[in-house]
Amino acid sequence: MKVVLFCGGLGLRLREAGDNTPKPLVNLGYRPILWHVMNYYAHFGHKEFILCLGYRGDLIKQYFLEYNECLSNNFTLSEGGRRLELLTRDIQDWKITFVDTGHDSCVGERLYAVRDYLRGEEMFLANYSDGLSDVSLDRQLAHFRRRDAVASFVSIRPNVFFHFVSARPGGQVTGIADVRSANVRINGGFFIFRQEIFKYLRPGEELVEEPFQRLIRRRRLLAYQHDGFWACMDTYKDRQRLEDLARSGQAPWEFWKTPPARARPAR
């Protein structure tokens, strides 16, 4: 199944990582977050990627053109460095299509721009490329296939430290609660689409606004609830948290290292 990755983010709140570094190339450990997202999908057998490029897409192309597998794999060096034997590999069976989808395009515009590369695909996957999770893709797919829906996304509880406030006109507060304890869920990405999504998406539209509203009216949109690990990299603090997890060797999203029981296919 093809995987569409939206890689146009500027990462304005991550400038500490470098003014010219596009958000998908911000490193977590040895590899950028984009690689971690791609390896997540590859673990579940989905190794054909379409990268929707935007800001500094040239750097993303360059990264893969100069890709060095030794940095994240075991290898043996002999004959004074003249011979190198990789003991493990990672991207040798990936197929990556690089598509310039516009510097300032929204996610809906980027998806619309790659529709020709998805012709003939009954279903495909998509991701914002700045979030990581231990959600079982197999189980989400099984949930989606059992229902007559056009789109599915992972629904998670927000982990931000804000308070949800309700008030009367004039400002009198009637309630206040930690957002994490309220019955509120947000869109965590990790999309699954049927080809029909393009019947609901118009040029210039944002994906989760007009198209998703049309799907809601037709009862064709699913939210797959996940209460496990999920984190996005919006700020420098977010990056530090994910970097610490990557360095620990026990990052929850790294199924390819120690596949947990929850990653097994759903029956």
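Descriptive notes on the structure:
- Sulfur and carbon atoms: percent of accessible area, region 71-150 [1.4 Å]: 43
- Chain lengthening between residue 61 and residue 119 when straightened (0.36 nm per residue, less Cα-Cα): 18.5 nm
- A simple rule links phi to the HN-Hα coupling: the Karplus curve 6.51 cos²θ - 1.76 cosθ + 1.60 with θ = phi - 60°, which for region 195-209 gives 4, 4, 4, 6, 6, 9, 9, 9, x, x, 8, 7, 4, 8, 9 Hz, with x for Gly and Pro.
- Charge dipole of the chain (Cα centre as origin; +1 on each Lys and Arg Cβ, -1 on each Asp and Glu Cβ, all else neutral): 1020 debye, rounded to the nearest 20.
- Label of the coordinate-derived value, Cα extents along the principal axes in Å, listed as (1) 51, 49, 34; (2) 45, 44, 39; (3) 77, 42, 41: (3)
- Packing-based ranking, highest mean first, of 89-95, 102-108 given that Cβ atoms within 10 Å are counted: 102-108, 89-95
- Annotation: peptides 226-234, 47-55, ranked by per-residue average of other Cβ atoms within 10 Å with the highest first, follow the order 47-55, 226-234.
- Heavy-atom accessible surface of the chain, averaged per residue, reaches 53 Å², computed with a 1.4 Å probe.
- Charge dipole of the chain about the Cα centre (unit charges at C-beta), most positive-ward option of 232, 193, 34: 193
- For region 29-58 and region 183-197, distance of Cα centres in Å: 19
- Within the chain, helix-based [θ] at 222 nm, where runs of 4 or more DSSP H residues each add -39,500 (n - 2.57), nearest 500: -6500 deg cm²/dmol
- Members of 47/199; 2/23; 47/257; 61/237 lying beyond 24 Å, as alpha-carbon distances in this model show: 47/199; 61/237
The values are calculated or read from the model by the stated rules, or taken from the named source; none is laboratory data. This is a predicted model, so every value here is computed, not measured. So basically every Cβ, Gly included, is an ideal-geometry build from the backbone, and we count neighbours across all protein chains shown. Accessible surface is based on the protein model in full, side chains and every heavy atom, while ligands, DNA and RNA are left aside. Shrake-Rupley method; radii C 1.70, N 1.55, O 1.52, S 1.80 Å.
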